1. Could you list, in sequence order, all residues of the stretch 113-127 that are farther than 14 Å from THR145 by Cα and of a type in the set (A, V, I, L, M)?
2. All but one of (1) surrounded by 13 or more Cβ atoms within 10 Å (Cβ to Cβ); (2) modelled with pLDDT of 95 or more; (3) part of a helix (DSSP H, G or I) hold for VAL146; which doesn't?
3. Only residues that are more than 18 Å from ALA111 (Cβ to Cβ) and either touching a Ser or Thr at 6+ places or on another chain (Cβ under 7 Å) or assigned to a helix (DSSP H, G or I) (or both): list them for the stretch 149-164, please.
4. When residues of the stretch 9-55 are filtered for being closer than 17 Å to ALA68 by Cβ and loosely packed, with under 12 Cβ neighbours inside 10 Å, how many remain?
5. Just to be sure I understand, how many residues within the stretch 99-121 are part of a helix (DSSP H, G or I), under 22 Å from GLU165 (Cβ atoms) and aliphatic (A, V, I, L, M)?
6. Say whether the condition of being within 23 Å of GLY95 (Cβ to Cβ), aliphatic (A, V, I, L, M) and at pLDDT 95 or above is met by at least one residue in the stretch 41-57.
Amino acid sequence: MTPTPWSRRINIGEMLLALGTVVFGVLIIWQTTLIRLTPAYSMVGPRVIPYIVGAGLVIVGAWLAYEALTGRAPVGSTDSEDADPTLPTDWRTVGLLVLALIAYLFLIEPAGFIIASATLFVGAAFAMGSRRTARDIAIGIVMATVLYIGFNRGLGLSLPAGILEGIV
């Protein structure tokens, strides 16, 4: 007997990914509505690209949910990637990455881009298994500083300096 979409088990991980993608897209669209428009903008203003990104995420998330519910989600094979698709999700790593992102969220304004980004890099490296903390801190600081200077001076964008205001 061939399983129908409703008689087979739904992969919780696939559904969580789909739901998270849709929610993230909706949040982007909602936050985009809060972007202030001035009369100086023509038809293509600062809201266009975020609307496209948000709508794209909602569509992709809905598609992922449909594939998970109907059993059409692609199944990994040993030839598909370097990782072993038969292994379960490493929730510890996922949790540590989420904590690093939450720390970034709370650090970006008060501590500034460089410190928040270096902290994110160190946290992500630790979550992925690196135990060379001094090296990770050095790499994180150098990368974040180069990006900060590139965006601020090269592109004229204003990233938060935080506690390093006046130093960089």
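The values are calculated or read from the model by the stated rules, or taken from the named source; none is laboratory data. Nothing here was measured: the structure is a model prediction, and the numbers come from that model. Please note: Cβ atoms are built from the backbone with ideal geometry, for glycine as well, and neighbour counts cover all protein chains shown.
1. Scanning the stretch 113-127 gives VAL122, ALA124, ALA125, ALA127.
2. (1)
3. Matches in the stretch 149-164: GLY150, ARG153, GLY154.
4. 2
5. Counting residues in the stretch 99-121 that are part of a helix (DSSP H, G or I), under 22 Å from GLU165 (Cβ atoms) and aliphatic (A, V, I, L, M) gives 8.
6. Within the stretch 41-57, one or more residues are within 23 Å of GLY95 (Cβ to Cβ), aliphatic (A, V, I, L, M) and at pLDDT 95 or above.
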